[in-house]
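Before any comments, here is the structure.
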Amino acid sequence: MEHPELLDNNIQGEISEVTECKKEEEKFKQYYQFMVESAHGAIFFKNLQSQFIIANNKTLEVFGLSREQVIGKNDYEISSDKKQARKNIEDDQFIFKTGKPREVTKHMSDIHGKRHWFHTIKFPQFDDKGNIIGLVGIVRDITERKKSESGHTKIVEAEKKKAEELKKAYAELQESKDQLVRSEKLAYTGRIAASIAHEIRNPLTNVVMSI
């Protein structure tokens with residue numbers, strides 16, 4: 001039989017080890033939470049039922065809801081855009097079935113009905129046995145970038161239109177120039193022809209004048 005002192009020491013050692021592990025786990029959670037909340041976009045974790053298990057503040061802003069209203073719910077239960085909510089859940093199920101990430105750009109309404117462009121990347125999460133246990137999603141609002149791209153496209157299209165108009169104007173100018181040249185050539189040819197005809201009709205005039 002082991003001595004009570006040794007048992008106490010063993011128990012104390014195990015308790016200390018568990019306590020240390022819990023401290024490390026708590027530090028990791030705090031660090032993870034800090035990283036998630038420091039991100040510029042929405043970051044969330046969903047389980048296999050597409051329910052939000054973790055959601056940072058940016059995610060809550062997208063839905064315009066509190067953490068209590070989001071955690072444990074799926075998109076269809078909390079989103080006002082039911083059509084897009086169904087599409088989001090379909091994307092989740094695709095990831096769960098295939099184990100492949102999904103990247104999409106969506107045009108969605110916020111809680112005020114204002115339309116936004118969102119770029120979303122979702123990828124599966126696995127346990128230590130390789131089983132899919134959920135997914136992580138990262139969402140960025142790219143509305144301003146889309147506006148910039150749209151403005152750039154409009155500028156390019158306007159420049160193309162101007163170039164086509166200049167090209168057309170140049171072609172018309174060239175045609176007018178060619179017509180003018182042709183007219184001048186015809187006029188010059190006409191003058192020569194008239195002069196020759198005059199000489200033919202009055203051959204003696206030059207002879208008399210030369211005498």
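Could you tell me which of the pairs LYS114/LYS146; LYS58/LYS97; LYS58/LYS100; LYS83/LYS146; LYS73/LYS122; LYS122/LYS147 are separated by over 20 angstrom between their Cα atoms in the structure shown? From LYS114/LYS146; LYS58/LYS97; LYS58/LYS100; LYS83/LYS146; LYS73/LYS122; LYS122/LYS147, over 20 Å: LYS58/LYS97; LYS58/LYS100; LYS83/LYS146; LYS122/LYS147.
Residue ranges 52-62, 127-137, 75-85 sort as 52-62, 75-85, 127-137 when ordered by packing (mean number of other C-beta atoms within 10 Å per residue, highest first). Legend: calculated FRET efficiency, HIS119 to GLN93, from the Cβ-Cβ distance at R0 = 25 Å, rounded to 0.05, equals 0.75. Taking each residue as 0.36 nm, the span from LYS82 to GLN69 lengthens on full extension beyond its C-alpha to C-alpha distance by 3.0 nm. A simple spin-label model places the labels of GLU144 and ASP128 4.4 nm from each other, with each point 7 Å out along Cα-to-Cβ.
Any read-out appearing in this document is the output of simple, stated calculations on the displayed coordinates, not a laboratory observation. These numbers were taken from a predicted model, which means no experiment stands behind them. Virtual Cβ from ideal backbone geometry, glycine too; neighbours counted across all protein chains shown.
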